[in-house]
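Asker: This is the structure, below, for whatever I ask next.
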Amino acid sequence: TKLKSTSVGYMGGSKANPTYTEVSTGTTGHAETVQIEFFPDKVSYAQLCKFFFTKAHDPTTKNQQGPDVGSQYRSVIFVHSDEQRKTAEEAKGEAQKEYSSPIVTEIVSAKHGDFWRAEKYHQLWGYKTH
């Protein structure tokens with residue numbers, strides 16, 4: 001396997017340990033996110049970024065993913081280093097060639113302790129609903 005773990009959660013907002021109910025109002029400033037731990041000898045950060053931009057979601061819709069609308073559904077990558085930022089920016093530029101609309105994904109520095117794990121029923125949601 002290429003991934004150590006994935007966790008669904010919230011980042012980028014102003015409230016500590018928010019609930020889904022609070023985040024879903026769009027007033028906390030959080031984005032719904034997935035934290036990924038990976039084995040760098042099996043998959044590169046660049047490969048993960050390419051997947052994010054070309055397969056995981058539509059990076060051209062502002063504050064929306066599918067039928068879900070609001071700032072909590074914005075397209076964003078939270079980076080943990082200057083190297084990750086550079087890689088994400090390069091992947092964004094490469095992916096832009098695949099889209100006629102501009103990619104609106106934000107690339108933002110992660111703040112230590114800013115990831116809040118979502119409630120248990122949100123974990124592996126995609127597997128539970130598809």
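Asker: Could you please state how large a percent of the accessible area of the chain is carbon and sulfur, counting protein chains only and using a 1.4 Å probe? Please report the intermediate quantities before stating the final value.
Answerer: Details: 4500 of 8370 Å².
In the chain, the share of accessible area belonging to carbon and sulfur is 54 percent.
Asker: For the pair Glu106/Glu83, report the inter-label distance in nm, with labels modelled 7 Å from Cα in the Cβ direction.
Answerer: Distance between label points: 2.6 nm.
Asker: Would you check the chain for Lys pairs whose C-alpha atoms are within less than 14 Å, ignoring same-chain pairs closer than 8 in sequence, and give me the count? Intermediate values should be presented prior to the final figure.
Answerer: Values: Lys2/Lys42; Lys4/Lys42; Lys15/Lys111; Lys50/Lys86; Lys50/Lys92; Lys50/Lys97; Lys55/Lys92; Lys120/Lys128.
So the count of such lysine pairs works out to 8.
Asker: What number, rounded to the nearest 500 deg cm²/dmol, is the helix-based mean residue ellipticity at 222 nm of the chain, given -39500 (n - 2.57) per DSSP H run of at least four residues and division by all its residues?
Answerer: Details: 4 runs with 31 residues, N = 130.
The helix contribution divided over the chain gives -6500 deg cm²/dmol.
Asker: Just flag the chymotrypsin sites (Phe, Trp or Tyr not before Pro) in segment 43-101 sitting in loop per DSSP whose Cβ has no more than 16 other Cβ atoms within 10 Å.
Answerer: Tyr99
Asker: Please work out which option in (1) 1.72; (2) 1.21; (3) 1.04 gives Cα Rg over 2.2 N^0.38 Å calculated from these coordinates, and answer with its label.
Answerer: Recomputing Cα Rg over 2.2 N^0.38 Å here gives the entry labelled (3).
Asker: How much area per residue is accessible in the chain when the probe is 1.4 Å and only protein heavy atoms are counted (Å²)?
Answerer: Working: 8370 Å² over 130 residues.
Accessible area per residue: 64 Å².
Asker: Continuing with the same structure: How far apart, in nm, are the 7 Å Cα→Cβ label points at Thr6 and Thr27?
Answerer: Those two pseudo-labels are separated by 3.2 nm.
Asker: Let me know the longest stretch in the chain that avoids all GluC sites (Glu not before Pro) found in a DSSP loop with at most 13 other C-beta atoms within 10 Å. It would help to have the intermediate numbers written out before the result.
Answerer: Working: sites that count: Glu98, Glu119.
Answer from the scan: 1-97.
The values are calculated or read from the model by the stated rules, or taken from the named source; none is laboratory data. Remember, it's a predicted structure, so these values are computed and weren't measured experimentally. Don't worry about glycine lacking a Cβ; one is built from the backbone with ideal geometry, like all the others, and counts go over all protein chains shown. What goes into the accessible areas is simple: the full protein's heavy atoms, side chains included, and nothing from ligands, DNA or RNA. Shrake-Rupley method; radii C 1.70, N 1.55, O 1.52, S 1.80 Å.
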